[in-house]
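Below you'll find the structure, written out as structure tokens, and then a few comments.
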Amino acid sequence: MNNLGNENYKSGFISIIGRPNVGKSTFLNRVIGQKIAIMSDKPQTTRNKVQGVYTTDKAQFIFIDTPGIHKPKHKLGDFMIKVAQNTLKEVDLVLFMVNAQEGFGRGDEFIIEKLKEVNTPVFLVINKIDQIHPDELLPFIDEYRSRFDFDEIVPISALEGNNVERLLELITNYLPEGPQYYPADQVTDHPERFIVSELIREKALHLTREEVPHSIAVVIDKMERKENDVVHVMATIVVERDSQKGIIIGKQGKMLKEIGKRARIDIENLLGSKVFLELWVKVQKDWRNKLSQLRDFGFREDEY
């Protein structure tokens, strides 16, 4: 499909913003139809902007999934907040996503103050409506509507898919006429190496205890396709303390083996090939507060 010459074709950049753990990545993966943003029940999973591209015969949607806005505790946190705020200035439409189970919070107040500074159309997207009684929805909407003049208010369930098609229709109405920026079969602008590292990090997040997750980075040391079409991936999981290294490795290496086993399945689905995955664990003390190491691990402020 190529719509470069279609005068009525629409395209635009859409930022998904919201407090941590409201379901931004779940929504993005639902629309795109495959996993490009990692999901976790632990907040602040998303650290970089993830561009998801969804193409139809009428429009191309370029979604930017931003880190959840939260009070930063280290340089990595500062970076994540800047990424989220900067995208508001660059896009054609903002989706402010909230969790129907949570209600209005101080984090929402902070985001709304930022939204008042932009001229971009803003939708309120109320996610996880499958988790509440329908009678709770109207008071919830009134609470947010009293604080900001949203262009549209759309309740959805990203997990179940409820009302997601309707949301996409409404987004199309607001997008400007424009070219198809990406080929129709492209779903993200991130290289494979980035997504592979994120899939490994996701499995480590799912499987480890509370003190580990935000201290984890994953570096792809080597990724190459061999003659027999098997992709050989060598990756290092970086943590901040020796105790965390022990947790990631587990007794007799069982935890590391399980992380690798689960990650390999997702990586094979992504690449469409058999994967041989080798994982190591390395301690880098206090890496989240060291700018040089943040840059080494792909958190480059000058790119945003």
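General observations
- Sequence-distant residues sharing a close amide H with Thr120 (under 5 Å, placed H): none
- Residues whose amide H comes within less than 5 Å of that of Ile156, counting only those at least five positions distant or on another chain, are Ile126, Asn127, Lys128, Ile129 (H built at 1.01 Å from N in the peptide plane).
- Using the Karplus relation 6.51 cos²θ - 1.76 cosθ + 1.60 with θ = phi - 60°, the per-residue 3J(HN,Hα) values for the stretch 258-263 come to 5, 4, x, 4, 5, 5 Hz, with x marking Gly and Pro.
- Local net charge near Glu224, Cβ-Cβ under 13 Å (Lys/Arg +1, Asp/Glu -1): -1
- Mean projection of the Cα convex hull over all viewing directions, computed for the stretch 95-149: 3.6 nm².
- Derived scalar couplings between HN and Hα for the stretch 111-127 equal 5, 4, 4, 5, 5, 5, 8, 10, 9, 6, x, 10, 9, 8, 10, 9, 8 Hz in order, rounded to whole Hz, by the Karplus curve 6.51 cos²θ - 1.76 cosθ + 1.60 (θ = phi - 60°), x for Gly and Pro.
- Of Lys128/Lys222; Lys226/Lys261; Lys89/Lys261, those spanning more than 31 Å from alpha-carbon to alpha-carbon: Lys128/Lys222; Lys89/Lys261
- Table column - 3J(HN,Hα) (Hz), the stretch 169-182, Karplus curve with 6.51, -1.76, 1.60, x for Gly and Pro: 4, 5, 4, 4, 4, 9, 6, x, 5, x, x, 7, 6, 10
- Residues whose amide H falls under 5 Å from that of Val218, counting only those 5 or more places apart or on a different chain, are Val238, with hydrogens built in the peptide plane.
- Among residues other than Pro121 with Cβ under 11 Å from its Cβ, the summed charge is -4 (Lys and Arg +1, Asp and Glu -1).
Read the figures in this text as sums done on the coordinates, not as results from a lab. None of these values were measured; they are calculated from a predicted model. Cβ sites come from the backbone with ideal geometry, for glycine too, and all protein chains shown count toward neighbours.
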